[in-house]
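The values are calculated or read from the model by the stated rules, or taken from the named source; none is laboratory data. Not measured: the values here are computed from a predicted model. Here the Cβ is made from the backbone with ideal geometry for all residues, glycine too, and neighbour counts use every protein chain on show. We work out accessible area using only protein heavy atoms, side chains counted, and drop any ligands, DNA or RNA first. Shrake-Rupley method; radii C 1.70, N 1.55, O 1.52, S 1.80 Å.
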Amino acid sequence: MVQEGEKQMTEDEALAYALAQLREICPHCSDDRIIEVIRRNSQRGPLSVTDSFLAKVFEDLSSPEQADSASNFIGPAMKPGTSSQTSEIMDIVPYYDPKMPSISEETVQTSISRSHVQPSTSQAAYNTERNEEEMIRDPNKTVGLFNQGNTCWFNSLTQMLFSIPKFRSVLYNCTPLTWHEQPIKNVQVQFELHADLLIRFRRLFVELYFSEESHVVAGEILTIVDRLYTAKGGPSTIGSQQDASEMLTLIMQWLGYSINAAIYAHLHPNFTRVIDEENNMVISHSSEQAPNSDVAGTLPPVYQENVQDLASSTSVKREAESRANSPVKNVPARDSFGGPAAKSPRTSPSDLPQIEEAMDTSEGPDTQARPKAESVENPRAPEAMEDKAVDARTIELVEKIKHDYAQIFQATSHMEKFSDSGELVGDVNTNMHCPVCFNLPVSYGNLHDALEASTFEVRADGDKTVNTRSMYEALPAVFFVSLNRFHFGKSGAKLHDKFTFPREIFMDRYIRKNADLITPLRAKLADLRNKLSEARARLNGLHHYPHGTMNLNVINLIDAFQSVLNATTNSRTSEDPSPFRPPNNYGNSLNFIKDQGKIFPVFEESFPDLHAMNRGLKDALSELKSTEAALLELMARLEQEIQGIYEVEELKKENYELKAMILHVGEINRGHYWMYKLKRSIDGFEEWEKLNDQSATPVDYSQIEKEAFGTGISTDPSAYLLLYVKKDAHWLMEPDTETHQESFERLPSDLQEYVTEKKEAFRKRLQEYRERQSALLENPQPTSEEARGTTQFSWYRSEDHMQEDENANIDPNEILGRRLDSYAIPEASSEEMQEMRNVTQGLWTMIVNFDRDSFSSPIDLLDSNLRMTMDKAGSEFIEKNLGYSVKELRGDAENDTERIYNHFIMTFIRHMELKDIYSHFSVFVAAQLQRVYIPVIRYLLVRSMAISNLGVLKIRAQGELEGHCANSSDNGKSMETIVLTLSHMYQLGRLIATHCRISMEKIVAFQNGDSIYATAAREKENLENVYCALVAAKHARMCYKFLRIRADFLGKDTIYFVNQAQIDACTVFAVLGAIKIITNLFNSTNDKLDSLATYMTSCEASLNPDIFVNEICCALSQLQLWGQNLDRDAWFSNEIDIVALNQALISKIEVAGSGEKVDRSEQKRTCAHVFHSALTESTNQWVDSISRGPKVIVLDGAEELRLIQELSEKFCGTSATQGKVDGMLLAIDENIGKLFTNF
């Protein structure tokens, strides 16, 4: 039995549960693969469904498959035909079966048509009315790539690969001349797409280098990538975000296949595919597949010596006889057709590299050893066909391509296991990597520590421990670093941890030849780390000694001894009352009692052994201070030694510099990529450049560090992929040192023609644009308003037309009663349609940011709101007026059907009660937006029935909508776009109310739990409540501002559900509660604000002092803005005086900053300083942005408003709002007064 919490589970149940959990976050892994890894892990212990066990399985699934399950090896060893080892799944997709057939061409084309991807690379294809003058390239900037709809991942990866000049050169020159004709005939069928990918990349790279336009369009290459990705049953990549790390590995794999195919075409010039045009069938000479093939394609034929394939990235050294199904035992070398392999140009066997056998992923005996019957699809091997003689120049070219590619990307690693005594355990596991990509967790915080953790690992093996060491024979000129920002859980999450990396890094410590030098240094390093750990523990015990009845608090022993000594030596006898102490509120009988401050106890000479005790206290205090100083000195020295442990000249040979990086902002299943790259001009000028899709801007590296390292905040960007290049590999960057003309002359002829064609096409478009502009100046055209006239559709009436416009009210009149399919409803202009789409997209993005799980699409949002109307009041209204259940309404009951159908449309809204208006979207629009065009109201009501379960009424409504679409030239898009815009405004208004309600709930919870007698658990709860109140108030402000800008034309404040004054109150009470907590912590003996570090269960996130202080600053900065321009509606009986509040807070923070307990703590001083800055300085540092807050559950609109009203009464208590604010200020005064008291 397996135990999950308190529940007993059988082995089968546990396996099913684990499989279900892992499917969600590993959609690219098959069930068989997941089960295999689960069982492998369960062999080490009992099958478990705990988070730790599932996390281990997930780690193995995300790591390379090694022969010995070396799942934590640095640099994922990618095998041909397997999916890449991604550090984060950017697009969580439904599980698919890799055994399913490839997606059809029709499906691919449908996906393309629904996305923004244009099938043409022509610039005019995506914008025929653009300003061609603005397209002229700045010669000092890199050419950008147009975002064709969630293609930022591809744009960033392409720019990163483009930044490797020698790689570009390899792609330019590797293709044979025969590939320049379409269709390509001398390529194996399984590599036709790969060859096309290579051709497209060559063209895209020369466009990025030679184009005269500021940005270009990738075009069809995205379709090819999609077809390659879906070939194994995966979801389409068209129009959806992808994981950049995974796609980098796959694209490099595909390009490796294509280069191998090109090499084969060079060495087999007589090979061709026969295309039967009559039957539309490809007849290939290829009779068999290589043994390591899969759905994506087979490996190309290799030389007689079986040289390592470019696309293959994993190999293991072992004897052929060691494999049960060895295909090489006494078998002469042959190509994939069964014929003799091409002779190697090498003349001496001694010149050959050590033979390495690719890892076999096939099942059963070698396919090459099995004879097959001759058929059209599998013809007899063309042994009689002799290859044309391959000239020496071609052989030299092939060797250079292979040599350059290997120099750029290829490396060999060795994984070794050692016992505690240093003896080698088992065989050395050797792997080939092409390219080298280090897949590193960000939890280690910096690049070297993460590399060390992956290179050297200690594993348990029964009662023993095994030390594994994974080191490279040598590193190539280029390596990638993929930062693993994926976190295991019930639902995947992105890790936003800070992770630093240097601009230059020495990689010598990861090279195998330096192992003997590294071993003693690592032993010394371990000793230094142990000493540092002990020193930190001793200092921590000195600074955080437990005290109190339950040891819940800590105290600095030096401060404690000093306080006792001050008391026993009578150094202070009294203290004057604080001038900042608030007046008494205890009643008139106590008002005239004089405040004498504090009178401290006096220790008389008669106190037993007073002098001896004081001498002992002084000695103890002196000893404690000496111990503290010695520990601090020791720690500084140890840290310095640790940092410099590898500062050895012998370990400073392999120097790499950061060349490019890809950043990501967002979460695991959405977000945006861009990249930075280091540019060097011919004259040696160096600068960093930001490439964000089509834009290219120079940027200082200090700014890059602020973004790339990450901050721990989910809304901030962080680096995801790094590219390092060898600093002394000048040959790698040599092509960038040439002039454009020199580079152009070195291009193959087909690329020269392509560049010339592109330049001429752009110059022609530019000339035509200039001619059109000249013509417009000579013959001015009428404005759009003049051209449109007075008959153009306008769906929301202005105030001026309200009286004379029959369509500007909701009374049941002729227009509301007319079926949508009975006449041609005027349609919106293209300008209005585009504006509404832009508004809707912005609203949708805002909604998803705060409520990501409720709706799958904008259409789903609209229909969900309409369905809510029918599920509640609509169905009840229909059945009440029908007189019987709508399910009993038969299709032949025409009279009843027509009557109730029209009755619902004409009277439903008028019969709704006032309290229900906010609960139903269609009712809200009709009742609150009286200036809306009446056919919009009918459309909403008809669509509500069309998506309901109302039987014949549903069919009738669907018929009316279909007729409306048929009557309109835009297939009903105008009406749908209008209601989409309105539904998103309504939904964002509900979100404003939701955040306001959450903030109020948390504030009330804090006020109820705030007490000087609060336990540590209660204080933690209060801290979490105040943080959540701050965040919810901020999110309400953000939604309110966003909607205010986009819905202001409606002229109805009800669209926002709540008003400005309610948002003001949430912000004010939340920030006052937070400042009360902070000023109370200022009084603690701890110099740091450590108690602000906690885990918040309601947010499922950790809180630290920086995050909490930042949220307070955002609120204070908002108060400053409101104080400068008061624009709030009346709500409370007494509004909050924001100006006076700001002045009071500034004064109190200034006083708090001068307190003794604050002045001696750098963290507390900094905290007070930033609060003061947020209230007094005009800065963009604390602009409102999305933060990790409590889970958002959006309630019914009317219910949200009812709860807000109830909470507002608890909010203020029995006093006016301003009085409640003053009361909280007095509580803050008490905390500040204590800062000037010594105890």
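Which of the residues that make up the stretch 907-920 are touching a residue at least 24 places away in the same chain (Cβ under 8 Å) and open to solvent by 50 Å² or more (accessible area, probe 1.4 Å)?
Arg910, His911, Lys915
For the stretch 862-876, state whether one or more residues are surrounded by fewer than 20 Cβ atoms within 10 Å (Cβ to Cβ) and more than 44 Å from the chain's Cα centre (by Cα).
Yes, the conditions are met somewhere in the stretch 862-876.
Filter the stretch 1062-1106 for residues that are in a helix (DSSP H, G or I), open to solvent by 10 Å² or more (accessible area, probe 1.4 Å) and closer than 27 Å to Leu843 by Cα and give the result.
Once the filter is applied, which keeps residues that are in a helix (DSSP H, G or I), open to solvent by 10 Å² or more (accessible area, probe 1.4 Å) and closer than 27 Å to Leu843 by Cα, the stretch 1062-1106 yields only Gln1062.
If you go through the stretch 602-639, how many residues are closer than 17 Å to Ala560 by Cβ, over 56 Å from the mean Cα position of the chain (by Cα) and open to solvent by 60 Å² or more (accessible area, probe 1.4 Å)?
Residues flagged as closer than 17 Å to Ala560 by Cβ, over 56 Å from the mean Cα position of the chain (by Cα) and open to solvent by 60 Å² or more (accessible area, probe 1.4 Å) within the stretch 602-639 amount to 3.
Would you please name the residue that is modelled with the lowest pLDDT, looking only at residues in the stretch 1107-1130 that are touching an Asp or Glu at 6+ places or on another chain (Cβ under 8 Å) and open to solvent by less than 20 Å² (accessible area, probe 1.4 Å)?
Gln1118
Considering only helices (runs of 4 or more DSSP H) fully contained in the stretch 135-234, which possess at least 3 residues that are of a type outside the set (Val, Ile, Thr) and more than 24 Å from Pro748 (Cα to Cα)?
The helices (runs of 4 or more DSSP H) meeting that bar are 152-162, 221-230.
For the stretch 1006-1026, what are the residues that are open to solvent by less than 30 Å² (accessible area, probe 1.4 Å), farther than 18 Å from Asn1231 by Cα and in contact with a helix residue (DSSP H, G or I) (Cβ under 6 Å, 6 or more places away or on another chain)?
Matches in the stretch 1006-1026: Asn1025 only.
Pairs, please: C-beta under 8 Å, at least 6 apart or cross-chain, first residue under 11 Å from Leu691 (Cβ atoms) and in the stretch 137-157, second among the aliphatic types (A, V, I, L, M) and assigned to a loop (DSSP other than H, G, I, E, B)?
Sorted first by the residue in the stretch 137-157, then by its partner, the pairs are Leu145/Val217; Leu145/Ala218; Asn155/Ala218.
Yes or no: Ala1047 over 25 Å from Ile1149 (Cβ atoms), crowded, with 19+ Cβ neighbours inside 10 Å, of a type in the set (A, V, I, L, M) and within 32 Å of the chain's Cα centre (by Cα)?
So Ala1047 fits the description; yes.
Taking the options Glu894, Glu898, name whichever one is touching a helix residue (DSSP H, G or I) at 6+ places or on another chain (Cβ under 9 Å), surrounded by fewer than 22 Cβ atoms within 10 Å (Cβ to Cβ) and either of a type outside the set (S, T, N, Q) or within 22 Å of Glu962 (Cα to Cα) (or both).
Details: Glu894 fails: touching a helix residue (DSSP H, G or I) at 6+ places or on another chain (Cβ under 9 Å).
When all the criteria are applied, what remains is Glu898.
When only residues in the stretch 147-201 that are under 30 Å from the mean Cα position of the chain (by Cα) and among the charged types (D, E, K, R) count, which is most open to solvent (accessible area, probe 1.4 Å)?
Arg200
Restricting the first residue to the stretch 454-473 and requiring it to be within 23 Å of Asp508 (Cβ to Cβ), which pairs with a second residue that is open to solvent by 40 Å² or more (accessible area, probe 1.4 Å) and at pLDDT 90 or above meet a Cβ separation below 6 Å and a spacing of at least six or different chains?
Here the result reads Met471/Arg512; Glu473/Arg512, each pair linking the stretch 454-473 to a residue that is open to solvent by 40 Å² or more (accessible area, probe 1.4 Å) and at pLDDT 90 or above.
This table checks each residue for (1) surrounded by 15 or more Cβ atoms within 10 Å (Cβ to Cβ); (2) among the polar types (S, T, N, Q).
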residue: Asn514; (1), (2): yes, yes
residue: Asn530; (1), (2): no, yes
residue: His544; (1), (2): yes, no
residue: His547; (1), (2): no, no
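For Asn1134, work out the one condition from (1) open to solvent by 80 Å² or more (accessible area, probe 1.4 Å); (2) modelled with pLDDT under 80 it doesn't fulfil.
(1)
Only one residue in Ser533, Ser454, Ser470 is out of contact with any helix residue (DSSP H, G or I) (no Cβ under 7 Å at 6 or more places or on another chain) and within 19 Å of Glu654 (Cβ to Cβ), so which one is that?
So the residue among Ser533, Ser454, Ser470 that is out of contact with any helix residue (DSSP H, G or I) (no Cβ under 7 Å at 6 or more places or on another chain) and within 19 Å of Glu654 (Cβ to Cβ) is Ser454.
For the stretch 594-642, give me each residue that is closer than 30 Å to Ala535 by Cα and among the acidic types (Asp, Glu).
Once the filter is applied, which keeps residues that are closer than 30 Å to Ala535 by Cα and among the acidic types (Asp, Glu), the stretch 594-642 yields Asp619, Glu623, Glu628, Glu633, Glu639, Glu641.
Every residue in the stretch 692-738 that is open to solvent by less than 40 Å² (accessible area, probe 1.4 Å), assigned to a strand (DSSP E or B) and among the β-branched types (Val, Ile, Thr), please.
Val699, Val725
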